[in-house]
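Working notes, structure below.
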Amino acid sequence: MDGQPRVATWIERVTVLGAGVMGHGIAQVAAMAGHRVTLHDPDAAAVDRGLARIRANLDKGVSLGKVSEESRTAALDRIALAPSLASACAEADLVVEAAPERMGLKRSLFRGVEAAASPSALLATNTSSLSIDAIAQVLAGPGRFLGLHFFNPVHLMALVEVVRGSCTDQATLDAGVAFARGLGKEPIVVRDAPGFASSRLGVALGLEAMRMVEEGVAEPAAIDKAMELGYRHPMGPLRLTDLVGLDVRLAIADYLHEKLGGERYRPPAILRRMVEEGKLGRKTGEGFYRWDREKE
Ligand code: NAD
C-alpha cells in the first residue's frame, strides 16, 4: 500500500467519475501510486463522503504501519475536485467511470466525456456486468475504450479485470494492463463477455452451492467448509453470497441466464424464495447464516 510514486505508464492524470463505493477507492489507489487525480460527482454529499472514506482508509493504513505519514499527505494532495464533467475531463490521460450501473447513464456520460477529453485520453468503465461494446456504441473512437473492473474494497483487493471490447485497440489494452500493475494490482485480460471471468465463475459456484442446500446434501456451513478447507478458498460460496447480498446475486444470475442461456445460471428456487422473504444476507441480518448486525 505504501511506497514512492510508481507511475508505470505514460498515464499521469487520472479522472474518476463517481465518488461512491468504487470511485473513492479508485481515486485513492491512483493517488497513492503517484497519479494526479481529479474526482467528479454531481452529488456534493457523495464527494464529501468519498473524501472522508479516503482519509479514513489512509489514516488506518498509517495506524497499521502500512502507510507513512508523508505518503498519506502526498496522496491527499494529489486529489483535486472538479465541479463539472467538462472541467474534470479536460486534462485527463485516463478517465475511469464509476457511476451507477445503468446503461443509459453510462452512455450519456461517455458522450460528454468524449466531447470534453483530449483525443489521446483513454476511457474506461468500471462496470461489473454491462457490455463494454454496448457502452462503446456511443463513441466516435471506441479504440480507446476498455473496461477496468476493480473489486471492493479497491484498496485491499488485488484483482483488476481488464476488459477488451471488440473495438479496443491493443495499445489501449496494454496501457490498461500497465496502469493496473502500476497501482500494485494483478490485472487479467478478459474478452467482453457476460460476467467477465470473475462473476461468471463465482456465481456458477454460488448457485451450485445453493442447489446443494436445496437438495439437502449438507448444511451451508459444511458446504462452505468444503471449499475453504478442501480448496483453500478464503470464504465459502454461501457466506460470500450473504456478504454480497442475495438480491445482488439473484440479479446477476438472472442476467447471466438471459445472456448465456441453458440451465447453468437459472436461479435456484431457494434463492428466489429467500429474496422474496427479505433474507438478503448480512445486510438484513439473515441469509444462509444469521448475522448479528450489532456485532458486525
Ligand atoms: P455507488 O452508488 O456507490 O456510487 C456511484 C456514484 O456515482 C454516486 O456517488 C453517484 O452520485 C455518482 N454519479 C451519479 N451520476 C453521475 C454522473 N453523471 N457522473 C459522475 N458520477 C455520477 O456505486 P458503486 O458501487 O461505486 O458502483 C459504481 C460502478 O462500479 C457500477 O458500475 C458498479 O457496477 C461497479 N462496481 C461496483 C462494485 C461494488 O462492489 N460496489 C464492484 C465492482 C464494480
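The values are calculated or read from the model by the stated rules, or taken from the named source; none is laboratory data. Please read these numbers as outputs of a predicted model, since none were measured by experiment. With ideal geometry, Cβ positions are generated from the backbone for all residues, glycine too; neighbour counts draw on all protein chains shown. SASA here: full protein model, heavy atoms, side chains in, ligands and nucleic acids out. Shrake-Rupley method; radii C 1.70, N 1.55, O 1.52, S 1.80 Å.
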- Test result for SER118, of a type in the set (S, T, N, Q), at pLDDT 95 or above, in contact with a Cys (Cβ under 9 Å, 6 or more places away or on another chain) and surrounded by fewer than 20 Cβ atoms within 10 Å (Cβ to Cβ): yes
- helices (runs of 4 or more DSSP H) fully within segment 126-217 counting 1 or more residues that are in the same structural domain as LEU260 (by TED's automatic domain parsing) and of a type in the set (Gly, Ala, Ser): 198-214
- Go through segment 50-102 and give me each residue that's more than 16 Å from the ligand (Cβ to nearest atom), open to solvent by 20 Å² or more (accessible area, probe 1.4 Å) and assigned to a helix (DSSP H, G or I). ARG55, ASP59, LYS60, VAL62, SER63, GLU69, GLU70, ARG72, THR73, ALA74, LEU76, ASP77
- Does segment 62-69 contain any residue that is touching a residue at least 40 places away in the same chain (Cβ under 8 Å) and among the hydrophobic types (A, V, I, L, M, F, W, C)? yes
- Item | Enumeration of residues in segment 240-287 that are away from the ligand (no atom under 16 Å from the Cβ), in contact (Cβ under 8 Å) with a residue 40 or more places away in the chain and part of a helix (DSSP H, G or I) | LEU260, ALA269, ILE270, LEU271
- Item | Failed condition for PHE288, given (1) open to solvent by less than 30 Å² (accessible area, probe 1.4 Å); (2) out of contact with any Pro (no Cβ under 9 Å at 6 or more places or on another chain); (3) aromatic (Phe, Trp, Tyr) | (2)
- Query: From the list ASP41, ASP48, ASP77, which residue is within 13 Å of VAL96 (Cα to Cα), assigned by TED's automatic domain parsing to the domain that holds ARG181 and free of Cβ contacts under 8 Å to residues at least 40 places away in the same chain?
  - Reply: ASP41
- Here are some conditions: (1) in contact (Cβ under 8 Å) with a residue 24 or more places away in the chain; (2) away from the ligand (no atom under 13 Å from the Cβ). VAL177 meets all but one. Which one does it not meet? (1)
- Name the residues in segment 187-201 that are open to solvent by 40 Å² or more (accessible area, probe 1.4 Å) and closer than 12 Å to ARG249 by Cα, would you? ARG200
